[in-house]
Amino acid sequence: MKKTVLLISIAIFILVIAGCGGETEKAKNEFTKNQNAVSQASEEKAQSEKNEEGRDPRCSIVIKEGTLDELMAKYGPKDMSENDIDNIVNGIKWESPEDIPQLGSEYAKKGGTFTYGMTSYPATLRTQGENSNTVFISTLEGFMFESMTGLHPVTLKTIPALADKWSVGDDKMTYYFHVNPDAKWQDGKPVRAFDYVATWDLLTSDALKEPFSQQYWKKFERPVALTENIVMVKAKALEWRLFMSAGGMSIMPEHKIGRITAEEYMTKYQNEMLMGSGPYMFEKAKTNEFIILKRNPDWWGDKEKINKGLYNFNELKFVFYTEASILLEMFKKGVIDIYQVGIARQWHQELTPDKMESIQKNHIIRQRIFTNAPNGLSGYAFNLREKPFNDKRVRMAIIHLFNREKLMEKLFFNEYKYMKSYFPNSIYENPNNKLMKYDRDKAIELLEEAGYYQDSINEDGYITDEDGKVFEISINVIGDDTRVETIFQEELKSVGIKLNLNKVTWPTHLKDLHERNFKMISAGYGGMLFPNPEGSYHSKYADMDNTNNLWGFKNARVDELSTAYNTEFDLDKRIEMVKEIDGILYNEQMTALRWYSNNVRLMFWNKFGMPEFVLSRYSSSPESSAITYWWYDESKNKALDKAISTGGSLPPMPTEVRYWEKYK
């Protein structure tokens, strides 16, 4: 990083000297029209301010940091003449949709606080770099930062964000984004093309300690600010996903990240958040207690039609509790506004109208909301790099002992479907995958084949090797609910395997996961509308820490398919590729897969206004939809307060919402 800054400084110095030595026209050709205007004004001023000896005062200074000249020298074209730039800019065929379906309600009002509870405080507040790749940090990032373009939440078509127009070159590898001239950072400074380049510089730095992200963004050449408002991005290879990625990169302010090293960014923003251009800005945080975002009253996007009725709460408060049981009690007391019911037993036996008067009287609304959200992967992942799970027979034995049937009957009221795919409930699921069921006898047979014999079980009931070492596995447990792990523990003990349950915090669990400090670990990925098999399953990431290939999985055919997938523009062919990948992954039996649901069980206090669909079409995170689409309804809140004080009831709301089913 320091070397880069030094080279830039030398380049700037040469440009200044060139302007003093009579080769002004040669130097000017390295800049755009905007720069020429600035240079011309500077020239006229200098002529009027020459000292008595006739020297140009510019010869004794360098270009001031942050000026247009300095920014263009740092982030602009390096080997283009003014004419070259003009030809490119004038040849761009811009796109910008006019009729974008609006989702914000015309009845929405600004105001109020939205409070959401969680049990795991994030390991960092940075949105980039080591430990930042979590659903929660991505949620915060989405409300504080913006990208050039986005995807419409219903149609999935490209829509404006920071860019008011864009273009894809004829080669399908060159992209152009025109920054909306109204776009502003939260400190009022304009968003410019330089911010895009500075963000790319940061994301590709080794100092972030996030190799997959770094390698992914290196699929692009360093972007070029053609002008203040136009950035050119060139992909190094033909890949259908890259325009979407280039447009979807969260942009950070150059006047913050461009003035510090990547190492300094990692430290400075470990426990505070960088300002963005989005509707919300960081207010304050206290480790393990709360994080507060405030609505930006001067958010530039409020003027855009597409944002009408969105981002209505004045304050977002995320509060953290050590136990899930405490979080639930805080919801019941009204400290927390919404609560997603993740435990089927609670939904069926505890959080019901006959058990809670607040639900019976509609003070709290209880809804099951069906969406089209893709389901993610969830289960106990095996570390294929070391014993005993480098042996497929052992992996299969453990899977046969993961008694999902008992769990579904005893704990889950048959609420879920069994996973048998790494892309569950999607068009990418391989239909030939056969469900792995509980089978104790088959598990014993597989273990014996692998050298773990029943006749070597010691007096404590555990299999031992020739040195008397017990066959034992440890898994991390977060929170108090160990019902699943306890049943799993019992099933494993029935064949002589000892399962230790290590209670840890979320940061510790994340550290173990990223540093591959496990033999078996609870893991999950969110579902993706557009899968990226390369990122999770390519061999090149198998032996790297901090990547999504947590198993250490290597397979030449998957490498071949995931590489070909990236350059296949035909959706039907891509689907078939992922189906084949799914079959290979499933056949490796590298995860004891869990289960999934196609709906969200949600409870919330009856003080909010919301659109008919309640949650967005592809959303599985109710807090994100609530923050985006809901609003604080003062009249409903007054009615709620009155009903609570008098013991009265409020009008009911639907118990099920199936709005998005018509879109399937």
Point to revise | Identity of the residue in region 443-461, more than 24 Å from Gln589 (Cα to Cα) and not in a helix (DSSP H, G or I), that ends up most open to solvent (accessible area, probe 1.4 Å) | key: Glu459
Review point. Which members of region 570-585 meet the condition of being over 24 Å from the mean Cα position of the chain (by Cα) and at pLDDT below 95?
Key: Asp570, Asp572, Lys573
Study note, to complete from the structure: Going through region 555-573 in order, the residues found to be under 21 Å from Lys172 (Cα atoms) and charged (D, E, K, R) are Glu568, Asp570, Asp572, Lys573
Practice item. Any chance you could count how many residues in region 586-612 are at pLDDT 95 or above and not in a strand (DSSP E or B)? Key: 11
Check your understanding: Exactly one of (1) of a type in the set (D, E, K, R); (2) closer than 20 Å to Pro101 by Cβ; (3) buried (at least 22 other Cβ atoms within 10 Å of the Cβ) is unmet by Lys157. Its number?
Key -> (3)
Practice item. Pairs only if they're at least six apart or on different chains, beta carbon under 7 angstrom, first in region 116-129 and closer than 13 Å to Gly142 by Cα, second of a type in the set (Asp, Glu) and at pLDDT 95 or above; list them, first residue then second. Key: Thr127/Glu141
Practice item. Answer yes or no as to whether Thr174 is surrounded by 20 or more Cβ atoms within 10 Å (Cβ to Cβ), on the phi < 0 side of the Ramachandran plot and in contact with a strand residue (DSSP E or B) (Cβ under 6 Å, 6 or more places away or on another chain). Key: no
Review point. How many of the residues making up region 202-227 are touching a Ser or Thr at 6+ places or on another chain (Cβ under 8 Å) and in contact (Cβ under 8 Å) with a residue 60 or more places away in the chain?
Key: 8
Revision key, fill the gap. Going through region 231-269 in order, the residues found to be in a strand (DSSP E or B) and within 18 Å of the chain's Cα centre (by Cα) are Ile251
Exercise for review: Search region 549-569 for residues that are touching a residue at least 24 places away in the same chain (Cβ under 8 Å) and pair each with any residue that is assigned to a loop (DSSP other than H, G, I, E, B) and acidic (Asp, Glu) when their beta-carbon atoms are under 8 Å apart and the residues are at least 6 apart or on different chains.
Suggested key: Gly552/Asp543; Asn566/Glu239; Thr567/Glu239
Review point. Say we look at region 589-612 and pick out the residues that are of a type in the set (Phe, Trp, Tyr) and open to solvent by 10 Å² or more (accessible area, probe 1.4 Å); which of these is nearest to His400 (Cα to Cα)?
Key: Trp595
Review point. If you check Lys189 against the conditions, is it surrounded by fewer than 22 Cβ atoms within 10 Å (Cβ to Cβ), of a type in the set (D, E, K, R) and within 23 Å of Ser536 (Cα to Cα)?
Key: no
Study note, to complete from the structure: Scanning region 404-419 residue by residue, those assigned to a loop (DSSP other than H, G, I, E, B) and either surrounded by 18 or more Cβ atoms within 10 Å (Cβ to Cβ) or of a type in the set (Asp, Glu) (or both) turn out to be Phe412, Glu415, Met419
Review point. Quick one: which of Glu472, Glu466 is acidic (Asp, Glu), open to solvent by 30 Å² or more (accessible area, probe 1.4 Å) and modelled with pLDDT of 95 or more?
Key: Glu472
Review point. Quick one: Glu490 ticks every box in (1) under 24 Å from Thr567 (Cα atoms); (2) open to solvent by 60 Å² or more (accessible area, probe 1.4 Å); (3) without any contact (Cβ under 8 Å) to a residue 24 or more places away in the chain bar one, so which box is it?
Key: (1)
Review point. Is it the case that region 422-433 has a residue that's surrounded by 12 or more Cβ atoms within 10 Å (Cβ to Cβ), part of a loop (DSSP other than H, G, I, E, B) and without any contact (Cβ under 8 Å) to a residue 60 or more places away in the chain?
Key: no
Review point. Condition test on Lys519, is it modelled with pLDDT of 95 or more and either surrounded by 15 or more Cβ atoms within 10 Å (Cβ to Cβ) or of a type in the set (Gly, Ala, Ser) (or both)?
Key: yes
Check your understanding: Among (1) out of contact with any helix residue (DSSP H, G or I) (no Cβ under 7 Å at 6 or more places or on another chain); (2) open to solvent by 40 Å² or more (accessible area, probe 1.4 Å); (3) closer than 28 Å to Asp206 by Cα; (4) of a type outside the set (Gly, Ala, Ser), where does Met544 come up short?
Key -> (1)
Check your understanding: Applying the selection to region 260-311, what residues are among the small types (Gly, Ala, Ser), under 22 Å from Phe608 (Cβ atoms) and in contact with a strand residue (DSSP E or B) (Cβ under 6 Å, 6 or more places away or on another chain)?
Key -> Gly278
Revision key, fill the gap. Given (1) touching a Pro at 6+ places or on another chain (Cβ under 9 Å); (2) under 30 Å from Asn372 (Cβ atoms); (3) open to solvent by 60 Å² or more (accessible area, probe 1.4 Å), Asp481 misses just (1)
Exercise for review: For region 63-112, name all the residues that are of a type in the set (Ser, Thr, Tyr) and in contact (Cβ under 8 Å) with a residue 40 or more places away in the chain.
Suggested key: Tyr75, Ser81, Ser96, Ser105, Tyr107
Point to revise | So Asn375, is it open to solvent by 20 Å² or more (accessible area, probe 1.4 Å), of a type in the set (S, T, N, Q) and at positive phi | key: no
**Study point:** Test: Arg395 is within 24 Å of Tyr541 (Cα to Cα), open to solvent by less than 30 Å² (accessible area, probe 1.4 Å), touching a strand residue (DSSP E or B) at 6+ places or on another chain (Cβ under 8 Å) and among the charged types (D, E, K, R)
**Key:** yes
**Study point:** Residue count for region 215-230, restricted to those that are under 24 Å from the mean Cα position of the chain (by Cα) and assigned to a strand (DSSP E or B)
**Key:** 1
Revision key, fill the gap. Matching residues in region 613-658 (under 19 Å from Arg366 (Cβ atoms), open to solvent by 50 Å² or more (accessible area, probe 1.4 Å) and assigned to a helix (DSSP H, G or I)) number 2
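The values are calculated or read from the model by the stated rules, or taken from the named source; none is laboratory data. Predicted model, so just to flag it, every value in this text is computed and none were measured. We place every Cβ from the backbone using ideal geometry, glycine too, and count neighbours over all the protein chains shown. Quick note on the areas: whole protein, heavy atoms, side chains included, nothing else; ligands and nucleic acids left out. Shrake-Rupley method; radii C 1.70, N 1.55, O 1.52, S 1.80 Å.
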